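Beneath this line is the structure, given in structure tokens, with notes to follow.
Nothing in this text is a laboratory measurement; each read-out follows from the coordinates by a stated rule. Owing to the predicted nature of the structure, the values given are computational and were not obtained by experimental measurement. Counting neighbours? That spans all protein chains shown, and the Cβs are built from the backbone with ideal geometry, glycine included.
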Amino acid sequence: MTRKTVRIAMNGVTGRMGYRQHLVRSILALREQGGLDLGDGTVLWPEPVLLGRREHALREIAERHGLDHVSTDLDAVLADPGIDIYFDSQVTSAREEALTKAIAAGKHVYTEKPTATGLDGALALARLAHDKGVKHGVVQDKIFLPGLLKLKRLVDGGFFGRILSVRGEFGYWVFEGDWQPAQRPSWNYRAEDGGGIVVDMFPHWEYVLHELFGRVRSVQALATTHIPQRWDEQGKPYDATADDAAYGVFELEGGAIAQINSSWAVRVHRDELVEFQVDGTEGSAVAGLRRCRVQHRSATPRPVWNPDVPATEVFRDQWQEVPDNAEFDNGFKAQWELFLRHVHADAPYHRDLLAGARGVQLAELGLRSSAEGRRIDVPEIVL
């Protein structure tokens, strides 16, 4: 075996997502397994360069995991010819400029979403990457969840017949921060800092719907701020200027209708933090983060509405569990492996900056739909 080192500048690893999912559970996990075997006698060995604004925090992480390279100078890192890939998990408002610099420097780029604060910026990134000839990818972690992988297995196997509708419920109660610390950073609730549940979650819903059921053709959304005041990390009150809940209806190519509620102001009364119910002419399924249950047409009971008689059926017991039938790795790590194979072995890859731009487009049109109180068509975008 030949070991080939790939140096990855990782910007934003002091944040929760960048540290836990991308550094620890993806890149360091790849190192723990001995690198990524490309299948041709080559093993890729990822060497992270930790990048950010707070040097002391970067050095603490580096010392904790035995890493050698940290920097607070983005331009210097991008000027280093030994850097192969630039990864970005910063706050959204800082991402577009950094990605532009990385692409202009000829680096392959892999990034969290949304890729930019608006569609024009997101498309400009995709076009620049295309023109520069660099490889590019956008994190689409939800599609790698065990529950959704099982759901995709059902779709690909024709289980549903003609798919009629998709109903999604996502969210949980994020503490306001006054009497219990909030589970999410305060910038998430300030529109001026790139916050809001629409810009955060609609890009996820775009690729989930697109990959499983069909392209989104129209959107009708209502975004609102249920909790108008919150308390920040220093315990100081601030006005929440960004939406913390969004209720969307999406028309999909092929005729299916999706309804997805997203909220940081809802208390959970479901089995998992996100669940999708898919109904088709031949069967239905409910998929969450890990589980997926089905009810086939041939095994569908005959409910009868009678509000004067107590229900004697336990409806959840009438569904059948879909078996794993496979080992499911961490979804972020699985996508990192695909992207690294794309960069170093030219393996096919479609979760690129253009796909990221579709997510930004849906968020932008969702907010516009909410502001104007109408359904809006979602045109197909191209480079």
* Structure fact -> When HIS226, HIS69, HIS56 are arranged by how many other beta-carbons sit within 10 Å of their Cβ, fewest first, they go HIS56, HIS226, HIS69
* What are the residues whose amide H is under 5 Å from the amide H of ALA242, where those residues sit 5 or more places off or on another chain and H is modelled from the backbone? -> ARG190, ALA191
* Asked: Hey, of (i) 26, 57, 17, 1; (ii) 25, 54, 18, 4, 0; (iii) 28, 60, 12, 0, which did the structure itself give for P(r) over Cα pairs in 20 Å bins from 0, in percent when calculated?
  -> (i)
* To do: Would you mind calculating the relative contact order of the range 286-335 from Cα pairs under 8 angstrom and at least 6 residues apart, reporting the percent as a whole number?
  => 45
* Over the chain, what is the percentage of antiparallel beta bridges among all DSSP beta bridges, to the nearest 5? -> 60
* Asked: Where does each of THR115, THR42 land when they are ranked from fewest to most other beta-carbon atoms within 10 angstrom?
  -> THR42, THR115
* **Spacing of the two label points (7 Å from each Cα toward its C-beta) at ASP346 and ARG375, in nm** => 4.5
* Provide the per-residue ³J(HN,Hα) series for the range 232-244, in order, calculated from phi with Karplus coefficients 6.51, -1.76, 1.60 and θ = phi - 60°, each as a whole number of Hz, with x at glycine and proline positions. => 7, 5, 9, x, 9, x, 8, 7, 7, 9, 9, 5, 10
* Working out 0.36 nm times the residue gap between ALA334 and ASP156, then minus their Cα-Cα distance, what length gain in nm do you get to one decimal? -> 62.1 nm
* Starting from the Cα of SER93, step 7 Å along the direction of its Cβ; do the same at GLU32; then give the gap between the two resulting points in nm. => 3.5
* To do: Work through the residues other than THR111 whose Cβ is under 13 Å from its Cβ and net out their charges, Lys, Arg +1 and Asp, Glu -1.
  => 0
* Structure fact -> Computed about the Cα centre, the charge dipole of the chain from +1 Lys/Arg and -1 Asp/Glu charges at the Cβ has a magnitude in debye, to the nearest 20, of 460
* Determine, for GLU60, GLU169, GLU372, the number of other Cβ atoms within 10 Å of each Cβ, and report the residues in order from fewest to most. => GLU372, GLU60, GLU169
* To do: Work out the charge dipole of the range 143-328 with +1 on the Cβ of Lys and Arg and -1 on the Cβ of Asp and Glu about the Cα centre, then indicate which of PHE170, VAL304, LEU149 is farthest towards its positive end.
  => VAL304
* Figure the gain on full extension for THR5 and THR300 (residue separation times 0.36 nm, minus the Cα-Cα span) and round it to one decimal in nm. => 100.8 nm
